[in-house]
Structures are given as structure tokens and as C-alpha cells.
Amino acid sequence: MNSKLKRYATEQLASTGFVLLHYQTAFKLRPDIWATPTNCMCDLNIGKEDELALHRLGAVLFKASSSGQNATMCGATRSMIDLEKRIELIAGVTLANVVSVDTFQIVAPKAMAPVKPDDTTELQAIAEMELPVHDCAQRKRILRARQTLAERGLIN
């Protein structure tokens, strides 16, 4: 946890009982820590180590939807009791659907096997071509397409 994030989190948890980890809200609440909202945004890039540090401070992680900023807002709190009301009174942010979470990290879905395009129509078009009498690449291509379609049970 970087020093500015640690200062923000510990001081907010000590004074209000919660910390909002959204850069616009954090900058509005504590302009003494960051020079610009962009600096705040860079410092609030929360990683797994930062989440563990928040847990060590005795905080519970939460996520909520913010109606004013049309975003999902993450944060930490000492108590979930009347959290929406406390945040609205102190920070002026209206939250909905507040739920406690174990992690803010987005779990990447398992990679799916690439889907092979269906080449049946292309093979059928090649197989329907007139077979050249002489031995050439085109003849081999047509015979290979006919064999593939036969293996798939699409032609006799």
C-alpha cells in the first residue's frame, strides 16, 4: 500500500469508520493528500496487497452502485450498519445495493477453446467442382474435400 493510500485509508477509517476508494470522491474528501484527481486515481489502483492491508486495519470490503457517478464504488468499512446513510451524510454520495465482498479483483473467466469456423460449405463448393483429368494441385484439393466430407458423413 503506497503512503498516500495508507494515510487516506487509515485516517478515513479512524474518523468516519469507512473509506471510499473512488478517485473523484476521495479527492473531494481529501484534497490535502493529492494535487490532482489524476494523482488520486493513480494511487487508488487497489491490488491484492492493498486489500489485505485494509483487512489488517479491521475493515470489511464492500461494493455498491453509485447513482450520482453512475459507477460501481468500492470501499472498506468498520461496520456495515447504516453504511449507506453514513456515507450520504458525510461524503454526500448516495449508494445503493451495498454488499460486502472478499475481494475487489475481477476474476478472469477461464479461457475457452477457440471456435473453429465451419468449413463445410467451402468444402462442399470445392467437392462439387469438375475433377481435372490430369494429376494437379486442383485435383488433389477436390479429392481431399470429397474425402473430408465423406468422413463427416455428408456425402457418399
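Here, each number is a calculation from the coordinates, and none is a lab measurement. Keep in mind that this is a model prediction, so the values were computed, not measured. Note that we place each Cβ from the backbone using ideal geometry, even for glycine, and neighbour counts take in every protein chain shown.
For this structure, a couple of remarks:
- Multiplying the residue separation of I155 and N45 by 0.36 nm and subtracting their alpha-carbon distance yields 33.7 nm.
- Signed unit charges on C-beta, dipole axis of the chain, positive-most listed residue T120, H22, I33: I33
- Phi to ³J(HN,Hα) by Karplus 6.51 cos²θ - 1.76 cosθ + 1.60 over region 24-33, Hz, x for Gly, Pro: 5, 5, 4, 5, 5, 6, 9, x, 6, 8
- The stretch between A96 and R30, if pulled fully straight at 0.36 nm per residue, gains 21.5 nm over its current Cα-Cα span.
- Note on the chain: Cα convex hull, mean projected area over all directions, 16.6 nm².
- Computed from point charges on the beta carbon alone (+1 for Lys and Arg, -1 for Asp and Glu), the dipole magnitude for region 1-73 about its Cα centre is near 40 Debye.
- Taking amide H as placed 1.01 Å from N in the peptide plane, M73 has its amide H under 5 Å from the amide H of A64, S65, S66, each at least 5 places away in sequence or on another chain.
- Set of aspartates and glutamates near K63 by C-alpha distance (under 17 Å), chain-local residues within fewer than 8 positions excluded: D50, E51, D82, E84, E88, D102
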